[in-house]
Amino acid sequence: MTDRVRVRYAPSPTGATHVGNVRTAIFTWLFARRNGGDFVVRVEDTDQSRNVEGSIEMLLEALAWLGLDWDEGPDVGGPYGPYYQSQRLHLYSETADALVAGGHAYRCYCSAHRLAELRRSRKQQDGSSGYDGRCRDLDTAERAAFERGGAPAVVRFRMPQQGTTTLEDMIHGEVTFENRLIDDFVMVRSNGFPTYHLANVVDDHHMRISHVLRGDDWLSSSPRHIRLYEALGWATPRFAHLPMILAPDRSKLGKRHGAASVLEYREMGYLPQTMVNFLSLLGWSLDDRTDIISGSDLVGNFSIERISKAGAVFNVEKLNWMNGAYIRMLSVEELADVLLDYWRRFPPAEIPEMPDRGLVLAMAPLVQERLKELSEAAPRLSFFFRDAPSYDSGDLVQKGMDEARTRRALEAALDALEPLGAFDAATLEPPLRALAKELGVKVGQLFGSLRIATTGLRVAPPLFETMEVLGRERALRDIRAAVNRLPEREAATAPTD
Ligand code: GLU
């Protein structure tokens, strides 16, 4: 180990990259950047049965989207590669051989059947689990017989059976484990692949990792790792076990709570800066008050001391609020580019053809104030992408109005709008307000009909700004079309006798 801070994010390629894993990546990256250290990505792919095609690509894409740049890793390489554990198998087997030779580990020939039986009976007896150590003290002749018989063997670590093992955790403080409660765990499977316990220790050592930040579901495994380091005569890195992310009911965050792949958040329309800020606050805080913290302030202020032990609740309302806040912080240019990029990546049904940047620049301010997710933009702007808005004629008629009155109001609106010299929001509003008064209708009734006529939407961006962006020709054409959809006279009700 060197004095240099070297940390790693060590995902297993077992499918989607969940928010919990990403939060670990963010903390690890922040710690590296804060301390001018190295951020290493290492792929832990030794459990072949769990590997899922394409996970690594998705994972690297997620990190890149979030702006978590890595100094060493599977694609960029580095001085301590390779960065796939499946390409480092010789290191694990050499280490396992050395541990067997030194008496710290042994080959175990127990069949899967025996182990299953053992598990079952121990559970019934005293609820304990784990290996009973049958192969721990085989003599040379017994061992030779098993080897001759060609029985498949695993390699187990010889855990001390007495005493305790103490971890100095940077978050949990001193944690002491009873050795007798920890069984002789498997280090090498019968197919020759290492387990996590062996591989992470070997790699963290050879990759000169100074600090291990990982989920606190690994806390109970740490005495195994500490004993392994000790048996190998290697310095132990410092550990920081990160608190769980919890659902609002404080259960473990699961898929049903939306703990989906982080790339799904991109698809739903969250900004990467929102995700980094929001996830950073799951278990860490700047000062218990500040919610919006820029990326550079996160880097400047991140410290393990301010990570809490207690689980952190994932609050979707807060995420939505924060995303809205980040969207409002964008300049119009930035928002236009973000929307274009988002629409290109996830083409919305409302947009048959990508609009040019000029139009998006004009549209962006119409939605910026109220957007929480980028996905809400296209539906609210749908009328821009068709030749005419789509609606039922009945929608033109506002509460307290009838079709003929609505038609007259819209005709009067046309008369008021046509002579206007300019067609910007500030010019449009006063004559239309005056008109409502003159007609004796409520402002909401007139504006409501105009809103449907020009957008087809009941809830749409601000009316006059929208009409300005639509332009005189289109807006007047839409209002004329609305007039033509309404009868001049209210249909006479059939006389009753
Ligand atoms: N591959 C392990 C996981 O995905 C890594 C744990 C660690 O960071 O050591 O949970």
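Derivation of every value follows stated rules applied to the coordinates shown; laboratory data play no part. Because the structure is a prediction, the values reported are computed rather than measured. Using ideal geometry, Cβ is built from the backbone for each residue, glycine included, and neighbour counts are taken over all protein chains shown.
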*asked:* Using Cβ counts within 10 Å as a stand-in for footprinting exposure, how do ASP402, ASP216 rank, fewest first?
replied: ASP402, ASP216
*asked:* Can you say what percent of the DSSP beta bridges in the chain, counting only those with both residues inside, are antiparallel? Round to 5.
replied: 55
*Can you list residues whose amide H is under 5 Å from TYR270's amide H, if they're 5+ apart or on another chain and H is modeled 1.01 Å from N?*
LEU374
*Arrange GLU53, GLU429, GLU168, GLU468 by Cβ neighbour counts within 10 Å, fewest through most, would you?*
GLU53, GLU168, GLU429, GLU468
_Rounded to the nearest 20 debye, dipole of the chain from Cβ charges on Lys, Arg, Asp, Glu_ = 1220
_Spelling out what I want: for every residue of region 138-153, take phi, set θ = phi - 60°, compute 6.51 cos²θ - 1.76 cosθ + 1.60 (Karplus), and round to whole Hz; glycine and proline get x._
4, 8, 4, 5, 4, 4, 4, 5, 4, 5, 4, x, x, 4, x, 10
*Take the Cα gyration tensor of region 359-440, multiply each eigenvalue by 5, square-root it, and list the three semi-axes largest first, rounded to whole angstrom.*
27, 18, 13
*Determine, for HIS257, HIS206, HIS211, HIS90, the number of other Cβ atoms within 10 Å of each Cβ, and report the residues in order from fewest to most.*
HIS90, HIS206, HIS257, HIS211
*Spin-label point model (7 Å from Cα, Cβ direction): what's the ALA101 to GLU438 distance in nm?*
10.0
*First select every other residue whose beta carbon is under 13 angstrom from the beta carbon of GLU369; then total the charges, Lys and Arg +1, Asp and Glu -1.*
+2
*Return the long-range amide H neighbours of ARG6 (sequence gap of 5 or more, or a different chain), with a cut-off of under 5 Å between placed amide H atoms.*
ASP38, SER210, HIS211
*So how do 39-45, 77-83 stack up, highest first, on mean other-Cβ count within 10 Å?*
39-45, 77-83
_Can you work out the Karplus-derived ³J(HN,Hα) for every residue in region 417-434? Use 6.51 cos²θ - 1.76 cosθ + 1.60 with θ = phi - 60°, whole Hz, and x for glycine or proline._
7, 4, x, 4, x, 10, 10, 9, 3, 5, 7, 6, 5, x, x, 6, 5, 4
*In terms of modelled amide H atoms, which long-range or inter-chain residues lie less than 5 Å from the amide H of LEU242?*
ARG214, GLY215, ASP216
*asked:* Suppose every Lys and Arg Cβ carries +1 and every Asp and Glu Cβ carries -1, with no other charges. What dipole size does region 392-497 come out with about its Cα centre, to the nearest 20 debye?
replied: 120
*Please work out the Cα center distance from region 85-145 to region 20-79, rounded to the nearest Å.*
32
_Can you compute 3J(HN,Hα) from phi for each residue in region 305-315, using the Karplus curve 6.51 cos²θ - 1.76 cosθ + 1.60 with θ = phi - 60°, rounded to whole Hz and x for Gly and Pro?_
4, 9, 8, 8, 7, 6, x, 10, 8, 7, 10
